[in-house]
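Below is one structure, written out as structure tokens; the observations come after it.
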Amino acid sequence: MSVTTQIPAKAPLLKKEECKGVMIFAECLDGSVNEVSLQLLTPGRKIAGKLGVETTMVVFAPQDSKLTEAPIFYGADRVILVDDPRLKTYYPNVYGDVLVQIVEREKPELLLIAGTLRGREMAPYVANTLETGITADCTGFEVDEVTKDVLQIRPPFGATQLAHIRTPKRRPQMATVRPNVFELPPRDETRKGQVKLESGLNIPQPTIELVSSQEVKKEEIAIEKARVLVSGGKGVGSREGLGLVEELASEFDGVVAGSRKAVDAGWITHERQVGQTGKTVKPTLYVAVGISGSAQHVFGIREAKVVAAINTDPEAPIFESADYGIVGDYREIVPAIIDRIKRSRH
Amino acid sequence: MPVNIIVCVKWVPNTSIVNVDPTTGTLIREGVPSIINPHDLNAVEFALGLREKYGGTITAVAMSPPAARSGLEFLVGMGVDRGVLITDRAFAAADTFATSYVLAKAIQRLFPADLIVFGQETIDSSTSHIGAQVSSWMGLPYIYYVTDAEVVDGDHRLRVKRSLEAEIDTYELPMPCSLVVMMKSNTPRPITLSKKLRAKLEAPIEVWTNDTLKLDTTVTGLRGSPTVVAKSVPTPSVPRKKQRFDGRKNAAEAANWLIDNLAKEGIM
């Protein structure tokens, strides 16, 4: 079978001067708007305030559901609701094509999508179909005072620098946003907003078919929701070495995480990886055990309230990013901490 | 039924050995060897698995500077049938939009094929964009985070399994289609030294420049990129207390020091 490739247009598909407003796509799961989508109202409203424009959230959901309430309570000015049974199942190109049509009608200057797995899958398709640029996994935004362009901020490899990306000519400016970097805005149930029911959309027939879906039961709290995280790195030396990390986590009523090196070594799963190439976490207490503290790792714990570190190397960079650092062998220090916690409990 | 596969790969600096300049805080890239993006090797392994089961050919495509040739040789050593290196100054400094366009045009030239496979992301820029963007240019159905695939008997369709945050989904897609292989799935096979040497001597690698592709250079490279890096600033550090206790002589004292401080913070 032969294929054709679309030729990019010379001129932007949407004219810059016609585009106005901030739009956020709401990922809906199990009958509610995903919290990480609502988090985007924090940067979204701030940018909209600086530009003097409205913030609109796009929701694909049944009309009678409560799903239009949450965006308004958390700060959206408007909700665009698409109620169509053909959108019950998510397919990246079907959802993408519908979102493209809404963008073509509404002409926002900025479109934000939460950087969940589905978001990261769909957003580049939307950007490409609109023939605009997109920045992945942003951790911050700024409005350029002169051009009014929205600078999309992300750490390039290494996380020692933050790149400010601009989309000077094409619209909308687009970004996926790293989950848990922004706080959920306060919920205000007295807030009012407009809900617009969108109709007359061309909803394409999916060529992909979801045959079955199997829920994976999680025994534990995900690391991004944990109050205490005890995290192991290369310094724990082996899968067995992680046993003490697990024991300490359980004493703190916390959850086990790890550095990239611990994940690469196969001691811990990728979904527990903290750092730039893993997850951003925001526990009250983060304990780094045998983690040297690369810039990429430290980037993932910026939102932690208190950081403690245990490392044999007094020169380890993790001590520069910790509130309380203990120089010592974790095989001696961790059992001593466990012992102290147990004693104070009696 | 044989499945003819195109795998897109990227030639990247080996970021696991990149060091940070202690005075400027920037990356020292000089002298850092490049490698095939490790997450792309999972995609290559996925393709090799399908070829073992159903037959067909595997073509690896990279848009990179000329040095990437040795990376494509490595993939031939792993078992890929041939490599195509797309290299031209007119394609340089492209963002993912302009990169994906050149890749799509190159892939179109390689058609007919049944399947295009991508790695989940690169270790040097981690965007995860290219799979969806190429699929958008070519109008092909696509799905990310794929771990397994099988051909549906007697039908030009694939049944694939993919992993999301809290579920494992099974889909059917008509071929041709694009699949983005989940990182850490499909552990790449080791490559033997003899295969490596043979690949170096015999690898069928074509080099395509814009003389081959004949693209309008206003839509490629830096000029064709909608995004630009406006500036780069050092990541501000988070203020931390940086208190230190030497626990090498007395672990119990160190433990007491930590727990007492955490108690003061209201954590215990």
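Quick note: the coordinates plus some simple rules give every number you see, no bench work behind them. Remember, it's a predicted structure, so these values are computed and weren't measured experimentally. Positions of Cβ are generated from backbone atoms using ideal geometry, with glycine treated the same way; all protein chains shown enter the neighbour counts.
Listed values, structure above:
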quantity: Rounded tilt (10° steps) of B:251-264 against the dominant C-alpha axis of chain B; calculated: 90 degrees
quantity: With 10 Å bins from 0: P(r) over chain A, alpha-carbon pairs, percent; calculated: 5, 23, 27, 22, 15, 6, 1, 0
quantity: Antiparallel %, DSSP beta bridges [both residues in the protein assembly as shown], to 5; calculated: 35 percent
quantity: Cα point-scatterer Debye curve for the protein assembly as shown, base-10 log of I(q)/I(0) at q = 0.09 Å⁻¹; calculated: -0.76
quantity: Over region B:134-191, equivalent-ellipsoid semi-axes from the Cα gyration tensor in Å; calculated: 19, 14, 14
quantity: Exposure proxy ranking, count of Cβ atoms within 10 Å, fewest first, for A:His164, A:His270, A:His346, A:His297; calculated: A:His346, A:His270, A:His164, A:His297
quantity: Over 27 Å between alpha carbons, listed pairs A:Lys282/B:Lys184; A:Lys66/A:Lys169; B:Lys10/B:Lys200; A:Lys107/B:Lys10; calculated: A:Lys66/A:Lys169; A:Lys107/B:Lys10
quantity: Euclidean distance of C-alpha centroids, region A:78-157 and region B:204-268, integer Å; calculated: 24 Å
quantity: Net dipole in debye of the protein assembly as shown [+1 Lys, Arg Cβ; -1 Asp, Glu Cβ; about Cα centre; nearest 20]; calculated: 1020 debye
quantity: Chain B: angle of helix B:69-78 to the longest principal axis, Cα-based, in degrees nearest 10; calculated: 80 degrees
quantity: Sites A:Leu184 and B:Glu206 - FRET efficiency at Förster radius 41 Å, r taken between beta-carbons, to 0.05; calculated: 0.20
quantity: Virtual spin-label span in nm between B:Leu193 and A:Lys15, 7 Å along Cα→Cβ; calculated: 6.8 nm
quantity: Residue list for region A:278-320, given a label point 7 angstrom along the Cα-to-Cβ vector of A:Arg331 and an amide N cut-off under 19 Å; calculated: A:289-292, A:310-314
quantity: Residue exposure sequence - B:Ile267, A:Ile134 - by fewest surrounding Cβ within 10 Å; calculated: B:Ile267, A:Ile134
quantity: Residues B:Lys53 and A:Glu320, FRET efficiency given R0 of 35 Å [Cβ-Cβ distance, rounded to 0.05]; calculated: 0.10
quantity: DSSP bridge pairs, region B:5-219: antiparallel proportion in percent, nearest 5; calculated: 40 percent
quantity: Simple spin-label estimate for A:Val211 and B:Met268 in nanometres, 7 Å along Cα-Cβ; calculated: 5.6 nm
quantity: Within region A:223-345: Cβ-based charge dipole about Cα centre, in debye rounded to nearest 20 (Lys, Arg +1; Asp, Glu -1); calculated: 340 debye
quantity: Spin-label proximity, B:Glu30 to region A:159-180 - amide N less than 15 Å from point 7 Å beyond Cα toward beta carbon; calculated: none
quantity: A:Thr135 long-range amide H proximity, modeled H, under 5 Å; calculated: A:Met174, A:Ala175, A:Thr176
quantity: Calculated FRET value between A:Ser199 and B:Glu167, using beta carbons and R₀ = 41 Å, to 0.05; calculated: 0.85
quantity: Value of Rg to Rh for chain B (Rh from inverse mean 1/r over Cα pairs, i.e. Kirkwood); calculated: 1.09
quantity: Nitroxide proxy distance, nm - points 7 Å out along Cα→Cβ at A:Thr312 and A:Lys218; calculated: 3.4 nm
quantity: Per-residue mean of C-beta atoms belonging to partner chains within 10 Å, peptide A:41-49; calculated: 0
quantity: Region B:5-219, dipole about Cα centre (Lys/Arg Cβ +1, Asp/Glu Cβ -1), debye to the nearest 20; calculated: 560 debye
quantity: Residues A:Cys28, A:Cys19 arranged by fewest to most Cβ contacts within 10 Å; calculated: A:Cys28, A:Cys19
